[in-house]
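What follows is a set of notes on a single structure, which appears directly below.
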Amino acid sequence: MRASLIGLALLFSRVVFSQATTYDFPNPIDTNDKEITIQKKQTFDRNGLFVDNKFDGARLNALEFVNDSTISIQIDPENSPINPSPWYAFRLWTNNGESKNVTITIDYFENVKHRYWPKISDDRKSWSELDESQVSVAADTLSVTFSFNVKPDTTWVAAQPLETSEDVRAWSKEIASNKLGSFDVIGKSRMEKDLMHIKLGKGKKTVVLISRQHPPEVTGYYALKAFVERIADDSKLSKKFLKKYTVHIYPLLNPDGVDMGHWRHNTGGIDLNRDWGYYRQPEIKQTVDHIANTVKQNNSEVAAGLDFHSTYYDVYYTTSRSMETKYRNFTDDWLSYIESNIDGYEVNDQPSGLGSPVSKGWFITQFNIPGITYEIGDDTPPEFIEKKGKVSAEGMMKVLLETK
C-alpha cells in the first residue's frame, strides 16, 4: 500500500497541469472532429510517362491520360466546407531517357477557383514559376492548364514550394544551434508527428511566434524564417535582445495537414486557427498548454504574440487600439518602424476586436497583450518576404528593448 502511494505521488509530481484557460469568444466555431477523406497514394503511367503522389506534401486525387502527352487532374480537399485554398503537388518522369512536353489541366472540387500559380522543380529545393506563356487560367477561373517539359529525372509540380515537416525540422535544428538556442518536441499530432519548439534567448520576458496552422501558407512560413534568422544572427542588437527576452517559436502547428497535402485542416478535419477558445484539437491543446505552462513556471510576462500566415495580399491583422491591453503601443510603434525602413512600402493594417477563436484573440484573452496575424501574399516575391521579415524582426527587437 505504501509503495502504491509513493508511486502515485511520483506520478503526480511529474504532471504539469494546464495553465491555458478557455474563453467564450463572441463568434464561437464548432471545432469538434469532422470526417476527412484520405487521398489514395498511387502511380499513374502511360507509354513511359509516369505521374505520382507518393511523397509528403502531395495532393492529386484523380488522373486521366487524355493522350500520351495530355493529362487531366482532379484536386479535392480533405473535407468540406473549407477555405478555397486548393493545394496541389505531384511529380512526373519518363523512363525512356528522353524528355517529353506535357500539357496538364487541373480541375478543382465543386467549382473552387484557381489560386496558386504553378511552380516546378528538378530537385525539390529550387523552384521556378511557369512563364505566363505556358499557363492558361480558364475565364471562369475554375481550372488551369499549363505545359512544360518533363525530364527523365523527376520534375516536381506544386502550388507553392514544398516545405514538409522534415524540411521544417532541419531548419529548426539549424536555428537552435545558436548558443542561446534549443530545440525540443512539445507533443504529438494525431498522426504522431512531432510538434516542434525552438527556444532562443535567456531573458525574463517572452515573445511567442507561431506558423503553418494552414498547410498551403508557405510564404507566411518563409516570413517566419526570415524573422527568426534576424533574431538569431548574433548581431549586437540580437545579443542585447536575447539577454532581456526569450523567444518561443512553434514553426509547424499542423504537421499532419502539411505532409498529407491538405488545403486547410488537420486530420481532425478542423481549421486549427478556429480552435483557440476550447482547444478540442490536440495540436492546439498541447501548444497553448506549453506556452501557458512555460510562462507560469518561469514567472515570465508575454510581451508579443505573432502568428505567420499567407493570404491573397500582404496585411497585418492587428488588435483594435480601443482595447485596453498591456504593451498597447507596441503595434503602432512596430508598424511605423517597418514602414519607415522599407523604401516605398505602406503598411496594410486591419485592426479588429475579439471575434472568432483565433490565435490573435487568444493572446488578448490569455495575457492581455495585442495579438498580431502577420499575413504575406501568396505571390509576394521571395526577396521582399525576406527583407520585410528581417526588418520586422529588427523593429520588434528595438521597440521592445525601448519598452519599460
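The values are calculated or read from the model by the stated rules, or taken from the named source; none is laboratory data. Keep in mind that this is a model prediction, so the values were computed, not measured. Positions of Cβ are backbone-derived with ideal geometry, glycine not excepted, and every protein chain shown enters the neighbour counts. What goes into the accessible areas is simple: the full protein's heavy atoms, side chains included, and nothing from ligands, DNA or RNA. Shrake-Rupley method; radii C 1.70, N 1.55, O 1.52, S 1.80 Å.
Can you tell me which residue within the range 300-323, out of those that are free of Cβ contacts under 8 Å to residues at least 40 places away in the same chain and out of contact with any helix residue (DSSP H, G or I) (no Cβ under 8 Å at 6 or more places or on another chain), is most open to solvent (accessible area, probe 1.4 Å)? Steps first, answer last, please.
Here is the first cut: in the range 300-323, the residues free of Cβ contacts under 8 Å to residues at least 40 places away in the same chain are 320-322.
Add one more test, that the residue is out of contact with any helix residue (DSSP H, G or I) (no Cβ under 8 Å at 6 or more places or on another chain), and what stays is 320, 322.
Values: SER320: 32, SER322: 94 Å².
Applying the filter and picking the extreme gives SER322.
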Quick one: is LYS390 closer than 20 Å to GLY220 by Cβ, open to solvent by 40 Å² or more (accessible area, probe 1.4 Å) and touching a residue at least 40 places away in the same chain (Cβ under 8 Å)?
yes
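State all residues of the range 183-193 that are open to solvent by 30 Å² or more (accessible area, probe 1.4 Å) and touching a residue at least 24 places away in the same chain (Cβ under 8 Å); if no residue qualifies, say none. Give the steps one after another, and end with the answer.
At the first step, the residues of the range 183-193 found to be open to solvent by 30 Å² or more (accessible area, probe 1.4 Å) are 183-186, 188, 190-193.
Scanning the range 183-193 gives ILE186, LYS188, ARG190, MET191, LYS193.
Take the conditions open to solvent by less than 10 Å² (accessible area, probe 1.4 Å) and either in contact with a Ser or Thr (Cβ under 7 Å, 6 or more places away or on another chain) or of a type in the set (D, E, K, R) (or both) and apply them to LEU224. Does it pass?
Numbers: open to solvent by less than 10 Å² (accessible area, probe 1.4 Å): yes; either in contact with a Ser or Thr (Cβ under 7 Å, 6 or more places away or on another chain) or of a type in the set (D, E, K, R) (or both): yes.
Yes.
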If you go through the range 276-285 one residue at a time, do you hit one that is surrounded by fewer than 20 Cβ atoms within 10 Å (Cβ to Cβ) and over 28 Å from ASN79 (Cβ atoms)?
no
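When only residues in the range 195-253 that are among the charged types (D, E, K, R) and free of Cβ contacts under 8 Å to residues at least 12 places away in the same chain count, which is farthest from GLU174 (Cα to Cα)? Step through it out loud before you land on a result.
Here is the first cut: in the range 195-253, the residues among the charged types (D, E, K, R) are 199, 202, 204-205, 212, 217, 225, 229-230, 233-234, 236, 239-240, 243-244.
Now narrow it down to the ones that are free of Cβ contacts under 8 Å to residues at least 12 places away in the same chain: 233, 236, 239.
On the way: ASP233: 12, LYS236: 20, LYS239: 18 Å.
This residue is LYS236.
Tell me the residue from VAL347, VAL399 that is in a helix (DSSP H, G or I), open to solvent by 10 Å² or more (accessible area, probe 1.4 Å), farther than 25 Å from ILE284 by Cβ and of a type in the set (Val, Ile, Thr), please.
Numbers: VAL347 fails: in a helix (DSSP H, G or I).
Only one candidate qualifies: VAL399.
Could you tell me which of the residues THR267, THR287, THR294, THR325 is out of contact with any Lys or Arg (no Cβ under 7 Å at 6 or more places or on another chain) and part of a loop (DSSP other than H, G, I, E, B)?
Numbers: THR267 fails: out of contact with any Lys or Arg (no Cβ under 7 Å at 6 or more places or on another chain); THR287 fails: part of a loop (DSSP other than H, G, I, E, B); THR294 fails: part of a loop (DSSP other than H, G, I, E, B).
Of THR267, THR287, THR294, THR325, the one residue that is out of contact with any Lys or Arg (no Cβ under 7 Å at 6 or more places or on another chain) and part of a loop (DSSP other than H, G, I, E, B) is THR325.
Going by what's in this entry, would TRP117 be described as under 18 Å from ILE75 (Cβ atoms), outside any strand (DSSP E or B) and either in contact with a strand residue (DSSP E or B) (Cβ under 6 Å, 6 or more places away or on another chain) or open to solvent by 40 Å² or more (accessible area, probe 1.4 Å) (or both)? Quick ask: steps written out before the conclusion?
On the way: under 18 Å from ILE75 (Cβ atoms): yes; outside any strand (DSSP E or B): yes; either in contact with a strand residue (DSSP E or B) (Cβ under 6 Å, 6 or more places away or on another chain) or open to solvent by 40 Å² or more (accessible area, probe 1.4 Å) (or both): yes.
It is true that TRP117 is under 18 Å from ILE75 (Cβ atoms), outside any strand (DSSP E or B) and either in contact with a strand residue (DSSP E or B) (Cβ under 6 Å, 6 or more places away or on another chain) or open to solvent by 40 Å² or more (accessible area, probe 1.4 Å) (or both).
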Taking LYS326 and the conditions (1) under 24 Å from GLN213 (Cα atoms); (2) touching a Phe, Trp or Tyr at 6+ places or on another chain (Cβ under 9 Å), which numbered condition does it fall short on, given that it satisfies the others?
(1)
